[in-house]
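K.L.:
Here it is: the structure, laid out below.
Please treat every number below as a calculation from the coordinates, not as lab data. In this text the structure is predicted, and so the values were computed from the model without any measurement. Heads up, the Cβs are rebuilt from the backbone with ideal geometry, glycines too, and the neighbour counts pull from every protein chain shown.
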Amino acid sequence: MSPAVTLLETRGLLQISGTDTRSFLQGLMTTDINKASETRALHGALLTPQGKYLHDFFVAQMGDCVYLEGEKARLADLKKRLLLYKLRADITITDVTEEFQVYALFGEGTLAALKLGTEEGRARIFKGGCLYVDPRLAAAGARAILPIGAAPDFEGFAAVDFDKYDRFRIGLGLPDGSRDLVPEKSVLLDYGFDELNGIDWKKGCYVGQEVTARMKHRGLSRKRLLPVTLTGGSPAPGTLVQLGDRDVGTLTSVCGNIGLALLQLDAVEKAAQESQVLQAGVAQLTPTPPSWLRL
C-alpha cells in the first residue's frame, strides 16, 4: 500500500524528568535506556519480579526529558507502578497525554519519504515533537509524537482510519499491548520481544530479568503469537483455539478476516504435517509466521 498515516487515539505519554531519570529507568525496563537519545528511540517493557508482562512502551527523548508512549487506558497504572520504585530518586513523572498526539506512518516507501533511513529506532526532532523509525521493525514504518495543535502535514501520506493500520500491524505479527498480552500472566518471549528489540540481553539487571534470561537460555518458550487468516467467521478476541478436542491457543487481536493468535508451536507443526484444522469457534485458522520470527 502507498504511504499512509493514522492518528493513534488509544496511545498516551508519560514524561519523566530529573537528574536520576536514566538510572531509575535502567533498573526497571527490559531495554537499555542509555541507548536512548534524540536520534534513537527504543522499545521496552516493565515486568513483575516473576518476569510476567505488565506494560510495554516506546521510549523517546526530547530535550532533557524521556517520554514513554504506552496505552492511554492503562497509563495511570504504568505511572503508579513506576512510582512504587521511586524511593528517593530525583525524578518527576507527568502524564502529558493532553499535550501530545501519536501518529503511525506506514506503507511502502514510508521511511524514504520521511528521509529517516531504515535503522530501527532512528529518530529526529520534528515539528516540536519527534519522528522515529519503529524500534521493533523497520518494515512497520514510523511513529510521530507531535504537540496537539501542530499541523501534522505529512506530505504524500493519505490519512486512513485505525482499522487500516490495525490490519497492517496484524499482518506483520506485531503485538499491541494488553490487546494481545495478558498483564501479570504473559511472558515476553512468547510474543517476539526478543526479535523485536524489546529486550537488551547485554544490559544490567532489571525487574524480572532473571526469569526472562532463564527462559531464553533454556529455550523454554513453546508458544508464539502468530498472524492468522480466519475462514468461516470472525470470532471475538479471547476465543480458544483448538486442534481436535485439544485447546492449543487463544485468539487475541481480530480485524475482519485476519487476527493474531497465541499458539502452541507443536500444535501448529502437527496441523501442518497432518493436514489438520485449527479451529476458533466457527472459524478455521491458518497461521503464517512472519519473516522476522525465529523459531
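K.L.:
Which trypsin sites (Lys or Arg not before Pro) from segment 98-177 combine a DSSP loop assignment with at most 10 other Cβ atoms within 10 Å? Walk me through the intermediate numbers first.
P.N.:
Details: sites: K115, R122, R124, K127, R136, R143, K164, R167, R169; in loops: K115, K127, R136.
Those satisfying the criteria are K115.
K.L.:
Also: Could you list V182, V59 in order of exposure, starting from the residue whose Cβ has the fewest other Cβ atoms within 10 Å?
P.N.:
Details: V182 14, V59 24.
Fewest to most other Cβ atoms nearby, the residues stand as V182, V59.
K.L.:
Here's another thing I want to ask about it. Would you work out which of G259, M62, A213 lies farthest towards the positive end of the dipole of the chain, given +1 charges on the beta-carbon of Lys and Arg and -1 on that of Asp and Glu, about the Cα centre?
P.N.:
Of G259, M62, A213, it is A213.
K.L.:
Using the Karplus curve 6.51 cos²θ - 1.76 cosθ + 1.60 with θ = phi - 60°, work out ³J(HN,Hα) for each residue of segment 60-69 in order, rounded to whole Hz, and write x for Gly and Pro.
P.N.:
Here the 3J(HN,Hα) series is 10, 10, 9, x, 8, 9, 9, 10, 9, 9 Hz.
K.L.:
Also, quick follow-up: Loop by DSSP (not H, G, I, E, B), at most 16 other beta-carbon atoms within 10 Å: where is the longest site-free stretch of the chain for GluC sites (Glu not before Pro)? The partial results should precede the final answer.
P.N.:
Working: sites that count: E9, E38, E108, E119, E155, E184, E195, E274.
With a cap of 16 other Cβ atoms within 10 Å, the longest stretch comes to 196-273.
K.L.:
Can you list the aspartates and glutamates whose alpha carbon is less than 15 Å from that of K79, not counting same-chain residues fewer than 8 positions off?
P.N.:
D56, E69, E71, D95
K.L.:
Counting other Cβ atoms within 10 Å, which chymotrypsin sites (Phe, Trp or Tyr not before Pro) in segment 20-101 have at most 14 and lie in a DSSP loop? Before the final figure, lay out each step's value.
P.N.:
Details: sites: F24, Y53, F57, F58, Y67, Y85, F100; in loops: Y85.
When the chymotrypsin sites (Phe, Trp or Tyr not before Pro) of segment 20-101 are filtered for loop state and at most 14 Cβ neighbours within 10 Å, Y85 remain.
K.L.:
Pairs to check: K35/K202; K185/K216; K52/K80; K35/K127; K35/K115; K223/K270. Give those whose C-alpha atoms are more than 19 Å from each other in this structure.
P.N.:
On the way: K35/K202 12 Å; K185/K216 17 Å; K52/K80 17 Å; K35/K127 23 Å; K35/K115 21 Å; K223/K270 14 Å.
Long pairs (Cα-Cα over 19 Å): K35/K127; K35/K115.
K.L.:
Could you tell me which of G51, P289, P227 has its Cα farthest along the dipole of the chain towards the positive end, charges placed at Cβ (Lys, Arg +1; Asp, Glu -1), taken about the Cα centre?
P.N.:
Looking along the dipole axis, the top candidate is G51.
K.L.:
Using the count of nearby Cβ atoms within 10 Å as a rough guide to exposure, how do D20, D180 rank from fewest to most? All intermediate terms of the calculation are to be shown ahead of the outcome.
P.N.:
Details: D20 16, D180 22.
Placing the least packed residue first, the sequence is D20, D180.
K.L.:
GNM on the chain, C-alpha springs below 10 Å: top fluctuator among A267, A150, A41?
P.N.:
A150
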